[in-house]
Amino acid sequence: MAGYLDLPITMSLRLRSSVSTDSGPEDRDISRQSGIANAILTITISSGVSWGLTLQAEFRVATDRGRTVAQSADSEQAFSVINTWMDSCNSDHQSQCADASQPPLLPTRVLDVNPVGLDIDLVCLRDDQNKVERAANYVALSHCWGKCIPFATTVENLEDRKREVRIEDMSRVFQEAVLITRRLHIRYLWIDTLCIVQNDRHDWEVEAGRMAKVYMDATVVIGASNSNADDQGFLGPRDHRGSIKWPGSLSNGRTSCLALSLLPPAGQRWTSGRDPVSLEPLQSRAWCLQERYLARRILLYGAKQLFWECRAISRAEDGDLRLGNLHNLNRLRGTASIKTTIFGPRPAGDSEINYRGWYEMVEEYTQRSITHQSDRFPALSGVADAVAQTSRDKYLAGIWRQGLVEGLLWCALNGQESLKPTSYRAPSWSWASAEGPVQFIVYHFLERCRWKRGIADYEQLATFVDCDVTKDGPDIYGALSSGYLRVHAPLLPVKRLCPTDNNPSFPEELLPPLRNPTVENVVELDVGNQSFYLNAGFDLTPGPGLLQQQLFVLFLARLPDGNHGFSPFMEHRFGLLVRRTDKESEVYERVGIIDSPILTKSASRGFLMMLIRLLENVLLFLERLSPSTDRSPISNLTPQLFVPSRTLTEEPEEEMPPDPLPEIRRHSVSVTLV
Ligand SMILES: [Zn+2]
């Protein structure tokens, strides 16, 4: 038939189940009783089998006030959701979250939000002299101080505050925390600014050391996620763009409002693979990260809705729920105890791997801003201490001894922009020596090579010899004044280094597809009588002095080509670019990273590279089309599975494929990195 386009497209509209209540499907009451959506309308658009592509969208439909998320964070509806979450955590997560046996010991000082004998608009500070109980449930606040004048406790006002504090005098964020604590029927609240005497150095040092325990023991932590500063409240009306409303009337004469808002496809969430509050003020502060990880339960007041994270689940006010919680001490401790490392036979299924939780947390941590760069270790020392208590592992400048090589293989994402720090922070081999976000490349490598079949296991090329760090202060996980690391690994001098961006006519075969974007140089090395090339990146913009020095490549790991020579350019090497600081005793300093296939100049391989690059781009384009994708680009540092499910179903390689350049290993020496 002329003009008729025969495309295999079908479209269906389906109304799926309604959430039942005890009294049956009474639409006027359902939202109020359940607090969640009561019907889901699914629209499926399918392009047919021949395309192999299915697009699907779901809409959640709510009646009554027309919302699945409360209009305001301090509304009755919002508090009823919180109470449901608390009840479910207490009854369903006995082993993980609830220790019903006895309430925790109270911190040194706490705010009593329901003091007997005082007016409703008054609270008071309690310490050992006026505490009415030693152990009780309490709430802890995680907040951004911001630039406002802090409502702080000082030596001068401490005694007055133990008698009474007018709620209306407090910072807005503190007032709201008092309100929430009261609504949760908890009597005590801990706020750092109020409960630590801010101008008493001794008090501050003692209490800072106890802070991690305060957050760990709190019944619940309130995360004022949406507040920039203590004078900017986080409760209040929310922005609800993206929902459509239809007012209507019910058969009994009452009016109702039907609202539709778009939800993610079944079994997924919009925030899939991403942290839903990652862009909010609280998540931009380095110091607040461990408060979230240490918390047994945290209630995050986001700009659009509430989020709950406990040791068992994470959930959102719109009904989104996920088992497990990435931002949680239990996960860190769990992966710290796993014997399977990334170097060795790849685990089957969706299993965790040694220290992956820790390094993902560091990636998140390094994206946050920190006022004093010297706080890099101190602001993480609470979680490091908590992890060490279960793992019994040695902590080496932010890296764990049992997860050493993966911890050394970081790349600085802002490397080309940053400047050398003026004061000492960390040894050059530690991620903390870089300013700005870092990425641990072995966990992200497979994201760049997901098209590749028959991928083999990583092989470690370096062995640990010795290490020590010198503390700068009393905290054993805190600031450092020096540190060295000795490893036995292949070391080769760089014959030539050439930046790729200065050279538009760079041979195709030396620019592999989807390479690490921070790796912007090519180094030439000789082994035996053979020349080969690797892509390398500097941690900091190299000055002319550095470029004139003799540089070396320290090989740390290998990812063999699982295709046994079919695609030889995929034989991959990971290592460090180093410079020698002391020739006599073989002391080196890290200046960059090696993340590269072994490259050789060959015309046929150049064509193959182009083809692979084209395939990669087609695949990326298709993945962007698919709503079910849970992958992020290489620059996205969000924690996620590093092994794509496709490769997991494949049989692991039986044995390590042979090394095409075995001569490199003959150059193994013991080197000291500082
Ligand atoms: Zn729980």
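The values are calculated or read from the model by the stated rules, or taken from the named source; none is laboratory data. Note that the structure is a prediction, hence the values are computed from the model and not measured. As a convention, Cβ positions derive from the backbone with ideal geometry for all residues, glycine included, and neighbour counts pool all protein chains shown.
Looking only at the range 296-318, how many residues end up being within 11 Å of the ligand (Cβ to nearest atom) and in contact (Cβ under 8 Å) with a residue 24 or more places away in the chain?
Looking only at that region, the number is 9.
For the range 319-335: of the residues being away from the ligand (no atom under 11 Å from the Cβ) and buried (at least 22 other Cβ atoms within 10 Å of the Cβ), which is nearest to V81 (Cα to Cα)?
H327
Among the residues of the range 603-618, are any at pLDDT 70 or above, in a loop (DSSP other than H, G, I, E, B) and either assigned by the TED database to the domain that holds T541 or not hydroxyl-bearing (S, T, Y) (or both)?
Scanning the range 603-618, I find no residue that is at pLDDT 70 or above, in a loop (DSSP other than H, G, I, E, B) and either assigned by the TED database to the domain that holds T541 or not hydroxyl-bearing (S, T, Y) (or both), so the answer is no.
Within the range 105-129, work out how many residues are more than 21 Å from M170 (Cα to Cα) and touching a residue at least 24 places away in the same chain (Cβ under 8 Å).
Residues that pass the stated criteria total 3.
Name the residues in the range 308-317 that are under 17 Å from the mean Cα position of the chain (by Cα) and buried (at least 24 other Cβ atoms within 10 Å of the Cβ), would you?
The answer is E309, C310.
Tell me which residues, restricted to the range 174-230, are farther than 21 Å from L289 by Cα and acidic (D, E).
Listed by number, the residues that qualify are E176, D200, D203.
Go through (1) assigned to a helix (DSSP H, G or I); (2) buried (at least 16 other Cβ atoms within 10 Å of the Cβ) one by one and return the number of the condition D160 breaks.
Of (1) assigned to a helix (DSSP H, G or I); (2) buried (at least 16 other Cβ atoms within 10 Å of the Cβ), only one is false for D160: (2).
Conditions first: (1) modelled with pLDDT of 95 or more; (2) touching a helix residue (DSSP H, G or I) at 6+ places or on another chain (Cβ under 8 Å); (3) closer than 23 Å to I476 by Cα. L409 passes all but one, so which condition is the exception?
Exception for L409: condition (3).
In the range 94-112, what count of residues is obtained for those that are polar (S, T, N, Q), under 12 Å from K131 (Cβ atoms) and either in a strand (DSSP E or B) or within 16 Å of the ligand (Cβ to nearest atom) (or both)?
Total satisfying the criteria: 0.
For the range 73-93, which residues satisfy the criterion of being surrounded by fewer than 17 Cβ atoms within 10 Å (Cβ to Cβ), within 11 Å of the ligand (Cβ to nearest atom) and either part of a helix (DSSP H, G or I) or not assigned by the TED database to the domain that holds L184 (or both)?
Once the filter is applied, which keeps residues that are surrounded by fewer than 17 Cβ atoms within 10 Å (Cβ to Cβ), within 11 Å of the ligand (Cβ to nearest atom) and either part of a helix (DSSP H, G or I) or not assigned by the TED database to the domain that holds L184 (or both), the range 73-93 yields D87, S88, N90, S91, D92.
Going through P437, P427, P345 one at a time, which residue ends up being over 16 Å from the mean Cα position of the chain (by Cα) and at pLDDT below 95?
Details: P437 fails: over 16 Å from the mean Cα position of the chain (by Cα); P427 fails: at pLDDT below 95.
Only one candidate passes the filter, namely P345.
Conditions first: (1) over 21 Å from A379 (Cβ atoms); (2) surrounded by 20 or more Cβ atoms within 10 Å (Cβ to Cβ). V155 passes all but one, so which condition is the exception?
Result: V155 fails condition (2) only.
Could you list, in sequence order, all residues of the range 129-139 that are within 38 Å of the chain's Cα centre (by Cα) and in a loop (DSSP other than H, G, I, E, B)?
Across the range 129-139, the qualifying residues are E133, R134, A136, N137.
Go through the range 286-295 and give me each residue that's more than 13 Å from the ligand (Cβ to nearest atom) and either among the hydrophobic types (A, V, I, L, M, F, W, C) or touching a Pro at 6+ places or on another chain (Cβ under 6 Å) (or both). Outline the logic, then answer.
Of all residues in the range 286-295, those more than 13 Å from the ligand (Cβ to nearest atom) come to 286-294.
Result: A286, W287, C288, L289, L294.
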